[in-house]
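A.B. asks: Structure incoming, see below.
The values are calculated or read from the model by the stated rules, or taken from the named source; none is laboratory data. What you are looking at is a predicted structure, and each value in this text was computed from that prediction instead of being measured. Cβ placement follows ideal geometry from the backbone for every residue including glycine, while neighbour counts extend to all protein chains displayed. Please note that ligands, DNA and RNA were not included when accessible areas were found on the heavy atoms of the full protein model with its side chains. Shrake-Rupley method; radii C 1.70, N 1.55, O 1.52, S 1.80 Å.
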Amino acid sequence: MSISRTGWAVLAALCLTPAAFAASGNEQVDPMIFRIAIFILAAFIGYYVVWAVTPALHTPLMSVTNAISGVVIVGAIIAATASVLGESNPEIVNKIWAAKWLGAASIAFASVNIFGGFLVTNRMLAMYKKKERPAKKADAA
Amino acid sequence: MSAIDISALLYLVSAVLFIFSIRGLSSPETARNGNMLGIIGMVLAAGTTVFLVREHLDPTTFGLIAGGIIIGGGVGSVLAQKAPMTAMPQMVGMFNALGGMASLLAGLAAFYAPAAFGLIDAEGLMSPRSLVEMSLSVLIGAVTFSGSVIAALKLNGSIPGGPIILPARHLLNLLILLVLIGLIVMLAISPDAQAGNGYLLVGIAALALVAGITLVIPIGGADMPVVISMLNSYSGWAAAALGFTLSNFALIVVGAIVGASGAILSYIMCKAMNRFFVSVIAGGFGADDAATGGAGGGVDDRPVKIGSAEDAAFILKNSSKVIIVPGYGMAVAQAQHALKEMGDKLKEEGVEVAYAIHPVAGRMPGHMNVLLAEAQVPYDEIFEMDDINSQFKQADVAFVIGANDVTNPGAKDDPQSPIYGMPVLEVWNAGTTMFIKRSLASGYAGVQNELFYRDNTMMLLSDAKKMVENIVKAL
């Protein structure tokens, strides 16, 4: 699986574009551009890292990606800590409470993924064993 | 450096740890350390977030967070310890569903409490861009959730595993997609929604839940590995969309990587079946051909050689090299432990034993490898298709247990065959090919396997586990 020259060119362009914009004027680069850059570069990293995974471990790969996608817990925690302090409008207070409960539920779902995903991956990986050659020789002797 | 900058750097560190956790899976030796790095990354990401919001941790809020983690973590831990290895496909399907649901709920929460997410301008309004990002995490999360629930139920056998064809399903899906796009545009430009009011986002969630069902229900059987990988990918894109809402590096990076991972697995599975991703996702495969395939099978009354466990044991014992080809039938019959015992007995007799795995054997990528690992078959006795195909010529016996289509010679030399062009394991090159099957029925693709009628093929018609146990007894 060889990366084409175009692939590298696109990559380089993606890295350089925001910098080029930043250098070209005194305007600030929209932070959105950086987010998109990070997203696309991460997708490329994902591409190479995943191709390097041995097919024998594709099931643990799926369960560990389940686990790490539980990182949405970050958003869920922020939602659960939304503050009603200083809010007097009852409508807004109600909405914030709705967000806090949605956040708590989201924390619970993400936690199932995090705990379940890492544990089951660990359980699977513990089963992958190499041939025990020394033990066999001892048997034969 | 402000607290927000430090936390952004810490999120970046956890993203790097997640990358290493997947990198570790390049070999079984580094995989467990990789898993540990992933756990550290997760603790770091969650800990950083709690640190950021520490001023808002009143007792009620703390209770909500701790309660969520304890309940969810408890359920997850119990599931992870108890689930049998044969149930891994539906387990992963269920985890996909929960990941989608978590993104869906977090996206909704961001809509109701935009101030906490830093999404409002001086007038207290959300930008159209934020609304689009939110609706994407809600939409993809919802499709992932309902689609994965259907997939998990199919894999669990709770609903029929085959394709369920809805009338005019392509038109229906297209219509839903157009309406969803329309709703997102409406949401983005609606002054009401920008002020955090109205039920448009809830409507998007509801319709996307329907879309998940209509998308997955027509896909069945052996196409499941593609579906599971695809939904795995979606759960990543949903997380990435949430990452854009929060401008959070860890979420964006994880989302992109998980998304890429699922997409690559889908690609590998499609390639191993010689099918196009779009035609798999369009669904219905197997349903249209089953009728013709079944009828074709009925008229075929050529003689087959049927053997007993004793016959098989005799031939196996006197060979010098045996290659075992497991398939979904082995998983269904839970025959992996008996199979390992048979392999051990053969090795005691001085027979060389190897296992050959087709990429789409089973119901998810790597399914067979996990089952064999569970039965304590060493992973260096297990080979991928491309590495072992040339060795069938030197093997005395190819022992096919619960696989069919992935051994069909028609895929190589019959251009009329529906599976023509699919890469297969060349078991017919072995001295004798043994098939453990419950009947002579055609495989999932509804295609007759020419191999059953060849002279050097021996059919062992029985439940896979029972047959292997009988062979072990006879050895």
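A.B. asks: Go through (1) assigned to a helix (DSSP H, G or I); (2) on the phi > 0 side of the Ramachandran plot and name the single condition B:Glu29 misses.
C.D. replies: Checking B:Glu29 against (1) assigned to a helix (DSSP H, G or I); (2) on the phi > 0 side of the Ramachandran plot, the one that fails is (2).
A.B. asks: Against the condition touching a residue at least 24 places away in the same chain (Cβ under 8 Å), more than 13 Å from the chain's Cα centre (by Cα), surrounded by fewer than 22 Cβ atoms within 10 Å (Cβ to Cβ) and within 13 Å of chain A (Cβ to nearest Cβ), how does B:Val254 come out, does it pass?
C.D. replies: Values: touching a residue at least 24 places away in the same chain (Cβ under 8 Å): yes; more than 13 Å from the chain's Cα centre (by Cα): yes; surrounded by fewer than 22 Cβ atoms within 10 Å (Cβ to Cβ): no; within 13 Å of chain A (Cβ to nearest Cβ): yes.
Against the criterion (touching a residue at least 24 places away in the same chain (Cβ under 8 Å), more than 13 Å from the chain's Cα centre (by Cα), surrounded by fewer than 22 Cβ atoms within 10 Å (Cβ to Cβ) and within 13 Å of chain A (Cβ to nearest Cβ)), B:Val254 does not qualify.
A.B. asks: Can I ask one more? Quick one: how many residues across the range B:227-251 are more than 18 Å from B:Leu108 (Cα to Cα) and touching a Phe, Trp or Tyr at 6+ places or on another chain (Cβ under 7 Å)?
C.D. replies: Number satisfying all stated conditions: 2.
A.B. asks: Please give the number of the condition B:Ala106 fails out of (1) surrounded by 19 or more Cβ atoms within 10 Å (Cβ to Cβ); (2) more than 7 Å from chain A (Cβ to nearest Cβ); (3) at pLDDT 95 or above.
C.D. replies: B:Ala106 satisfies every listed condition except (2).
A.B. asks: Restricting to the range A:78-126, what's the tally of residues that are of a type in the set (Phe, Trp, Tyr) and either surrounded by fewer than 20 Cβ atoms within 10 Å (Cβ to Cβ) or outside any helix (DSSP H, G or I) (or both)?
C.D. replies: 2
A.B. asks: Moving on. Please identify the pairs in which a residue from the range A:36-47 that is without any contact (Cβ under 8 Å) to a residue 40 or more places away in the chain and assigned to a helix (DSSP H, G or I) has its Cβ atom under 6 Å from the Cβ atom of a residue that is open to solvent by less than 40 Å² (accessible area, probe 1.4 Å) and aromatic (Phe, Trp, Tyr), counting only partners at least 6 apart or on another chain.
C.D. replies: Sorted first by the residue in the range A:36-47, then by its partner, the list stays empty.
A.B. asks: For the range B:70-82, give me each residue that is more than 20 Å from B:Val43 (Cα to Cα) and buried (at least 17 other Cβ atoms within 10 Å of the Cβ).
C.D. replies: Across the range B:70-82, the qualifying residue is only B:Leu79.
A.B. asks: Any residue at all in the range B:68-85 that's more than 30 Å from A:Met32 (Cβ to Cβ) and polar (S, T, N, Q)?
C.D. replies: Within the range B:68-85, the subset more than 30 Å from A:Met32 (Cβ to Cβ) is B:68-85.
Now narrow it down to the ones that are polar (S, T, N, Q): B:77, B:81.
The answer is yes; a qualifying residue exists.
A.B. asks: Condition check: of a type in the set (A, V, I, L, M), within 21 Å of B:Pro423 (Cα to Cα) and surrounded by 22 or more Cβ atoms within 10 Å (Cβ to Cβ). Does B:Val377 satisfy that? Steps first, please.
C.D. replies: Working: of a type in the set (A, V, I, L, M): yes; within 21 Å of B:Pro423 (Cα to Cα): no; surrounded by 22 or more Cβ atoms within 10 Å (Cβ to Cβ): yes.
No; evaluated as a whole, the condition is false for this residue.
Yes or no, residue by residue, for (1) out of contact with any helix residue (DSSP H, G or I) (no Cβ under 8 Å at 6 or more places or on another chain); (2) open to solvent by less than 30 Å² (accessible area, probe 1.4 Å):
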| position | (1), (2) |
| --- | --- |
| B:Ile22 | no, yes |
| B:Gly38 | no, yes |
| B:Pro84 | yes, no |
| B:Met94 | no, no |
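A.B. asks: So is B:Ser27 modelled with pLDDT under 95 and at the interface with chain A (Cβ under 9 Å from one of its Cβ atoms) or not?
C.D. replies: On the way: modelled with pLDDT under 95: yes; at the interface with chain A (Cβ under 9 Å from one of its Cβ atoms): yes.
So B:Ser27 fits the description; yes.
A.B. asks: Let me ask something else about it. Every residue in the range B:339-365 that is touching a residue at least 60 places away in the same chain (Cβ under 8 Å) and open to solvent by less than 10 Å² (accessible area, probe 1.4 Å), please.
C.D. replies: Let us first name the residues in the range B:339-365 that are touching a residue at least 60 places away in the same chain (Cβ under 8 Å), namely B:339, B:341-342, B:345-346, B:349, B:356, B:358-360, B:362-365.
B:Leu339, B:Met342, B:Leu346, B:Ala356, B:His358, B:Gly362, B:Met364, B:Pro365, listed by residue number.
To keep it simple, each residue is scored yes or no on (1) of a type in the set (Ser, Thr, Tyr); (2) open to solvent by 20 Å² or more (accessible area, probe 1.4 Å); (3) closer than 30 Å to B:Ile22 by Cα; (4) within 10 Å of chain A (Cβ to nearest Cβ).
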site	(1), (2), (3), (4)
B:Ile181	no, yes, no, no
B:Leu207	no, yes, no, no
B:Ile217	no, yes, no, no
B:Asn232	no, no, yes, yes
B:Ala240	no, no, yes, yes
B:Ala250	no, no, yes, yes
B:Ser261	yes, no, yes, yes
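A.B. asks: Still on this model: Taking the range B:119-137 on its own, how many of its residues are in contact (Cβ under 8 Å) with a residue 60 or more places away in the chain and either part of a loop (DSSP other than H, G, I, E, B) or more than 11 Å from chain A (Cβ to nearest Cβ) (or both)? Lay out the reasoning, then the answer.
C.D. replies: So in the range B:119-137, the residues in contact (Cβ under 8 Å) with a residue 60 or more places away in the chain come out as B:119, B:124-128, B:130-131, B:133-137.
Still in the list and also either part of a loop (DSSP other than H, G, I, E, B) or more than 11 Å from chain A (Cβ to nearest Cβ) (or both): B:119, B:124-128, B:131, B:135-136.
Within the range B:119-137, residues that are in contact (Cβ under 8 Å) with a residue 60 or more places away in the chain and either part of a loop (DSSP other than H, G, I, E, B) or more than 11 Å from chain A (Cβ to nearest Cβ) (or both) number 9.
A.B. asks: From B:Val360, B:Val377, B:Val424, B:Val400, which residue is in contact with a strand residue (DSSP E or B) (Cβ under 7 Å, 6 or more places away or on another chain), within 30 Å of B:Gly93 (Cα to Cα) and assigned to a loop (DSSP other than H, G, I, E, B)? Talk me through it step by step, then tell me what you get.
C.D. replies: Values: B:Val360 fails: in contact with a strand residue (DSSP E or B) (Cβ under 7 Å, 6 or more places away or on another chain); B:Val424 fails: in contact with a strand residue (DSSP E or B) (Cβ under 7 Å, 6 or more places away or on another chain); B:Val400 fails: assigned to a loop (DSSP other than H, G, I, E, B).
Unique residue meeting the criteria: B:Val377.
A.B. asks: Additional query: List the pairs whose first member sits in the range B:71-91 and is closer than 18 Å to B:Gly327 by Cβ, whose second member is open to solvent by 30 Å² or more (accessible area, probe 1.4 Å) and acidic (Asp, Glu), and whose Cβ atoms are under 9 Å apart, counting only residues at least 6 apart or on separate chains?
C.D. replies: Partner pairs satisfying both residue conditions: B:Met85/B:Glu374; B:Thr86/B:Glu374.
A.B. asks: I need the full set of residues from the range B:265-278 which are over 13 Å from B:Val227 (Cβ atoms) and open to solvent by 10 Å² or more (accessible area, probe 1.4 Å), in order please.
C.D. replies: Here is the first cut: in the range B:265-278, the residues over 13 Å from B:Val227 (Cβ atoms) are B:267-268, B:271-272, B:274, B:276, B:278.
Scanning the range B:265-278 gives B:Tyr267, B:Ile268, B:Lys271, B:Asn274, B:Phe276, B:Val278.
A.B. asks: So if I check each of A:Gly70, A:Gly75, which one is more than 21 Å from B:Gly93 (Cα to Cα), within 20 Å of the chain's Cα centre (by Cα), at the interface with chain B (Cβ under 7 Å from one of its Cβ atoms) and open to solvent by less than 10 Å² (accessible area, probe 1.4 Å)? Let's see the steps before the verdict.
C.D. replies: Details: A:Gly70 fails: more than 21 Å from B:Gly93 (Cα to Cα).
Being more than 21 Å from B:Gly93 (Cα to Cα), within 20 Å of the chain's Cα centre (by Cα), at the interface with chain B (Cβ under 7 Å from one of its Cβ atoms) and open to solvent by less than 10 Å² (accessible area, probe 1.4 Å) holds for just one of A:Gly70, A:Gly75, which is A:Gly75.
A.B. asks: Among the listed residues B:Ile4, B:Ile22, B:Ile65, identify the single one that is assigned to a helix (DSSP H, G or I), more than 23 Å from the chain's Cα centre (by Cα) and either closer than 23 Å to A:Ile38 by Cβ or of a type in the set (Gly, Ala, Ser) (or both).
C.D. replies: On the way: B:Ile22 fails: more than 23 Å from the chain's Cα centre (by Cα); B:Ile65 fails: either closer than 23 Å to A:Ile38 by Cβ or of a type in the set (Gly, Ala, Ser) (or both).
On inspection, the qualifying residue turns out to be B:Ile4.
A.B. asks: I need the full set of residues from the range B:183-205 which are in contact (Cβ under 8 Å) with a residue 24 or more places away in the chain, open to solvent by 40 Å² or more (accessible area, probe 1.4 Å) and assigned to a loop (DSSP other than H, G, I, E, B), in order please.
C.D. replies: B:Ala195
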